[in-house]
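First up is the structure itself, then whatever we jot down about it.
The values are calculated or read from the model by the stated rules, or taken from the named source; none is laboratory data. As the structure is a computational prediction, the values presented were derived from the model and not from experiment. Don't worry about glycine lacking a Cβ; one is built from the backbone with ideal geometry, like all the others, and counts go over all protein chains shown.
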Amino acid sequence: MTVTKEVVMALSPAEKQRAYRERQKERTREAAKAGDDKLSAVVTSSFSPHWSGAAERQEVAFLNETLASIGLSLDFSKDEDPECDDGLAGSAANRGSLGRAERAVAALLDSATALAGIINRFKLAEIEQALDRIAQANHQDAEAKAKALKEAVALEEMKKFLRKEVRRSLPPTVITSGDVATV
């Protein structure tokens with residue numbers, strides 16, 4: 001999206017901040033694709049022994065158990081990256097088990113965001129249908145009307161809750177030349 005001066009002036013402060021953050025993320029993604037990762041010069045060993053090591057055993061077991069509950073698995077115990085190609089990885093820094101793990105983080109986050117959106121829209125649609133049923137129902141007595149009103153208020157509160165943004169904090173995994181850390 002190209003942002004013109006007229007468009008910026010029409011945006012709310014929250015929308016301006018959101019657009020600014022998106023521009024920062026895009027610059028970081030571009031820097032990562034270009035192999036502009038400051039840590040790539042520092043990292044000299046393979047990630048795979050670290051993944052398989054005793055220090056990470058408990059978290060790796062938790063990760064595998066959690067992912068297995070939805071039919072997925074991750075394994076970075078070998079320093080290989082068969083899915084890596086120049087278009088996908090972008091640079092030498094994104095190859096091997098570490099690069100694959102970093103791309104897995106990004107893929108899982110993007111997938112979780114998309115899945116959360118799908119679930120959210122489904123639930124909002126279901127709430128709207130329930131509100132329509134309440135509005136179309138013929139409430140004969142005062143007690144039925146009061147019950148329907150109470151249910152409609154509860155449904156509106158659910159809609160309000162589902163429209164809120166939720167954030168999760170993650171430790172950064174990439175540092176680019178602009179000192180912008182990303183997941």
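Residue 39 passes every criterion in (1) at pLDDT 80 or above; (2) under 20 Å from residue 173 (Cα atoms); (3) among the aliphatic types (A, V, I, L, M) apart from (1). Number of residues in segment 40-61 that are assigned to a loop (DSSP other than H, G, I, E, B) and either in contact with a Gly (Cβ under 7 Å, 6 or more places away or on another chain) or not hydrophobic (A, V, I, L, M, F, W, C) (or both): the value is 4.
Looking across segment 1-26, the residues that are under 30 Å from residue 96 (Cα atoms) and modelled with pLDDT of 70 or more come down to 21, 22, 23, 24, 26. Considering (1) closer than 17 Å to residue 106 by Cα; (2) at pLDDT below 75, say which one residue 67 fails and leave the rest. If we test residue 67 against (1) closer than 17 Å to residue 106 by Cα; (2) at pLDDT below 75, just (2) comes out false. Against the test of being surrounded by 11 or more Cβ atoms within 10 Å (Cβ to Cβ), closer than 18 Å to residue 43 by Cα, among the aliphatic types (A, V, I, L, M) and at pLDDT below 90, the options 106, 101 yield a single qualifying residue, 101.
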